[in-house]
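The values are calculated or read from the model by the stated rules, or taken from the named source; none is laboratory data. On a predicted model such as this, the values are computed, not experimentally measured, just so you know. Because the Cβ atoms are built from the backbone with ideal geometry, glycine has one as well, and the counts that use them run over all protein chains shown. Calculation scope for accessible area: heavy atoms of the full protein, side chains included, ligands and nucleic acids excluded. Shrake-Rupley method; radii C 1.70, N 1.55, O 1.52, S 1.80 Å.
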Amino acid sequence: PAVTSPCKILKCNSEFWAATSGSHHPGAEEAPEFCTALRAYAHCTRRTARTCRGDLAYHSAVHGIDDLMVQHNCSKDGPTSQPRLRTLPPGDSQERSDSPEICHYEKSFHKHSAAPNYTHCGLFGDPHLRTFTDTFQTCKVQGAWPLIDNNYLNVQVTNTPVLPGSSATATSKLTIIFKSFQECVDQKVYQAEMDELPAAFVDGSKNGGDKHGANSLKITEKVSGQHIEIQAKYIGTTIVVRQVGRYLTFAVRMPEEVVNAVEDRDSQGLYLCLRGCPLNQQIDFQTIRSAQATSEGRARRKGPSLPAPPEAFTYETATAKCREKLPVEDLYFQSCVFDLLTTGDVNFMLAAYYAFEDVKMLHSNKDKLHLYERTRDLTPGNTAPTGAHPTLWVALLCLCWLCLL
């Protein structure tokens with residue numbers, strides 16, 4: 001069943017936007033009306049505070065309201081009706097194409113040095129995480145988790161169970177906050193949920209706002225309701241968000257300098273794209289996959305069993321299905337197999353396919369597109385050693401020598 005969020009912060013945002021028509025700098029004669037709209041905005045956020053406790057967009061709005069109150073000398077007491085202020089004049093920042101040099105990362109930060117080193121992070125499926133350091137993990141992470149948290153932007157995902165009572169989860173909500181940056185962009189919030197992939201920020205705009213470099217942050221709709229791309233040129237960052245089936249996927253290309261731009265790196269323990277998932281949230285899907293294949297082999301030796309439901313996959317049918325889109329048996333392929341076995345939903349195959357397509361587009365090192373599981377050390381639970389025993393090599397060499405004689 002679709003998850004409906006009780007948090008109504010998007011409604012508060014849109015009401016304030018409608019009341020002010022995007023004006024962030026009202027004239028002196030309009031200041032009282034602007035303050036009235038701000039008080040109404042604050043009142044709306046208070047009404048939904050209890051249900052928005054863990055929502056990044058909510059906390060961003062509350063912080064923004066406080067800042068605007070101070071900037072415009074607004075009293076917290078007063079009328080809260082919502083007047084409509086002036087409309088945007090022709091040729092406003094939504095159509096502005098010129099940007100100062102500082103709003104283009106490659107031109108400003110690396111004008112006299114080597115090109116920046118870009119990194120990639122992605123989240124897709126049940127969910128599978130590829131970190132900025134090319135570590136690949138499958139995680140539980142049910143509920144809200146921070147994916148990225150640095151000086152320039154925050155990304156938070158919410159993962160919900162795919163089936164009632166199932167440990168399999170997938171991303172049902174995504175919130176991205178672009179922080180205000182110099183003369184380039186105002187603070188902007190993007191939010192997507194299941195069956196709602198907007199082609200605009202929550203305030204209805206498609207770029208960075210009223211600042212001179214507004215177009216250094218832009219949203220482009222690639223496929224309506226299925227695929228959007230956000231270009232943040234002022235930080236050299238590209239973000240791709242997709243809805244595949246009912247769930248969302250996320251991919252980002254970001255310079256290392258931006259990735260590591262944090263006030264206190266030691267406090268970034270839950271920054272999943274940088275640190276990965278906590279150990280207690282990780283799933284060893286290779287072990288689950290092996291157990292699945294073993295149990296199916298035992299079932300076949302015991303004889304025929306009841307037919308599986310149409311949506312269920314066996315290890316063999318899941319492997320064959322994933323091979324249609326992912327011919328290389330890397331971790332994206334293995335993730336696809338795992339997801340089909342745990343969910344029975346063929347859309348998870350497409351999620352793995354598009355995740356790899358995004359890697360091909362966003363990853364700067366083409367030699368690292370495919371990732372493979374690490375060779376494991378021999379343990380009592382393993383069925384085969386990771387390498388041949390030295391005694392075996394000696395025996396083989398002796399045998400070859402005898403054959404030559």
Next on the checklist: Can you tell me which residue is nearest to ASP186 (Cα to Cα) among those in the stretch 16-63 that are assigned to a helix (DSSP H, G or I), at pLDDT below 80 and in contact with a Leu (Cβ under 6 Å, 6 or more places away or on another chain)?
Outcome noted: THR20
Checklist outcome for this item: Checked ASP358, ASP345, ASP339 against criteria (under 16 Å from the mean Cα position of the chain (by Cα) and within 19 Å of LEU248 (Cβ to Cβ)); the one match is ASP358
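Can you name every residue in the stretch 159-184 that is among the β-branched types (Val, Ile, Thr) and at pLDDT 95 or above? Show your work before the answer.
Here is the first cut: in the stretch 159-184, the residues among the β-branched types (Val, Ile, Thr) are 160, 162, 169, 171, 175-177.
Of everything in the stretch 159-184, those that are among the β-branched types (Val, Ile, Thr) and at pLDDT 95 or above turn out to be THR171, THR175, ILE176, ILE177.
For the stretch 220-259, name all the residues that are among the small types (Gly, Ala, Ser) and open to solvent by 20 Å² or more (accessible area, probe 1.4 Å). Outline the logic, then answer.
Applying the first criterion (among the small types (Gly, Ala, Ser)) to the stretch 220-259 yields 224-225, 232, 236, 245, 251.
Answer for the stretch 220-259, where residues must be among the small types (Gly, Ala, Ser) and open to solvent by 20 Å² or more (accessible area, probe 1.4 Å): SER224, GLY225, GLY245.
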Checklist entry - Failed condition for THR138, given (1) over 14 Å from the mean Cα position of the chain (by Cα); (2) within 22 Å of SER335 (Cβ to Cβ); (3) in a loop (DSSP other than H, G, I, E, B), with all others met? => result (3)
Next on the checklist: I need the full set of residues from the stretch 141-176 which are open to solvent by 20 Å² or more (accessible area, probe 1.4 Å), in contact with a strand residue (DSSP E or B) (Cβ under 8 Å, 6 or more places away or on another chain) and part of a loop (DSSP other than H, G, I, E, B), in order please.
Outcome noted: GLN142, TYR152, SER167
Item to check | Output for the stretch 1-10, where each listed residue is open to solvent by 50 Å² or more (accessible area, probe 1.4 Å) and at pLDDT below 75 | outcome: PRO1, ALA2, VAL3, THR4, PRO6
Checklist entry - Which one is surrounded by the most Cβ atoms within 10 Å (Cβ to Cβ) among residues in the stretch 103-135 that are farther than 30 Å from SER172 by Cβ and at pLDDT 80 or above? => result CYS103
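What number of residues in the stretch 207-219 are under 22 Å from ASP358 (Cα atoms) and either at pLDDT below 95 or crowded, with 18+ Cβ neighbours inside 10 Å (or both)? Step through it out loud before you land on a result.
Filtering the stretch 207-219 for residues under 22 Å from ASP358 (Cα atoms) gives 216-219.
Narrowing the set further to residues that are either at pLDDT below 95 or crowded, with 18+ Cβ neighbours inside 10 Å (or both) leaves 216-217, 219.
So the count comes out to 3.
Need at least 2 residues that are aliphatic (A, V, I, L, M) and either without any contact (Cβ under 8 Å) to a residue 12 or more places away in the chain or touching a Leu at 6+ places or on another chain (Cβ under 7 Å) (or both) per element, so show me which strands (runs of 3 or more DSSP E) inside the stretch 198-283 make the cut, counting only ones lying wholly within it. Full working, then the answer.
Working: elements: 217-223, 227-232, 237-244, 247-255.
Output list reads 227-232, 237-244, 247-255.
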